[in-house]
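Enquirer: Below you'll find the structure I mean.
The values are calculated or read from the model by the stated rules, or taken from the named source; none is laboratory data. If you're wondering where the values come from, they're calculated on a predicted model, not measured in any experiment. Cβ placement follows ideal geometry from the backbone for every residue including glycine, while neighbour counts extend to all protein chains displayed.
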Amino acid sequence: METMDTITKDTTIGDLLSIKPGSVPVLMEIGMHCIGCPSSASETIEEAAIVHGVDPVELVEKLNQA
């Protein structure tokens, strides 16, 4: 069952940072160093994963554990 703080592949980076600010290190690990730039705020977790060569399912799992 999903809760308000459950991250999905469709969660935007902006929403992720609001819901789980502790997820920043996970994003930094995949090379997403521009998490504060305006364009990344509207990018989904799935889009970010694909751009950075990471499996979106694995990234979502890591983010939900963060």
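Enquirer: I want to confirm something. Restricting to region 31-48 and keeping residues that are surrounded by 15 or more Cβ atoms within 10 Å (Cβ to Cβ) and either out of contact with any helix residue (DSSP H, G or I) (no Cβ under 7 Å at 6 or more places or on another chain) or free of Cβ contacts under 8 Å to residues at least 24 places away in the same chain (or both), which single residue is nearest to T6 (Cα to Cα)? Give the derivation first.
Expert: Of the residues in region 31-48, the ones surrounded by 15 or more Cβ atoms within 10 Å (Cβ to Cβ) are 32, 35, 40-41, 43-48.
If we keep only those that are either out of contact with any helix residue (DSSP H, G or I) (no Cβ under 7 Å at 6 or more places or on another chain) or free of Cβ contacts under 8 Å to residues at least 24 places away in the same chain (or both) too, we end up with 32, 35, 44, 47.
On the way: M32: 20, I35: 19, T44: 14, E47: 18 Å.
Applying the filter and picking the extreme gives T44.
Enquirer: Suppose we filter V60, V24, V54 for residues that are hydrophobic (A, V, I, L, M, F, W, C) and free of Cβ contacts under 8 Å to residues at least 24 places away in the same chain; which single one remains? Give the derivation first.
Expert: On the way: V60 fails: free of Cβ contacts under 8 Å to residues at least 24 places away in the same chain; V54 fails: free of Cβ contacts under 8 Å to residues at least 24 places away in the same chain.
Every option except V24 fails the conditions.
Enquirer: Just checking, which of L63, L27, L59 is modelled with pLDDT under 90 and assigned to a helix (DSSP H, G or I)? Spell out how you get there, then give the answer.
Expert: Numbers: L63 fails: modelled with pLDDT under 90; L59 fails: modelled with pLDDT under 90.
After applying the criteria, what remains is L27.
Enquirer: Identify the residue in region 15-30 that is farther than 17 Å from V57 by Cα and of a type in the set (G, A, S) and, among all such residues, is surrounded by the most Cβ atoms within 10 Å (Cβ to Cβ).
Expert: For region 15-30, the residue satisfying everything is S18.
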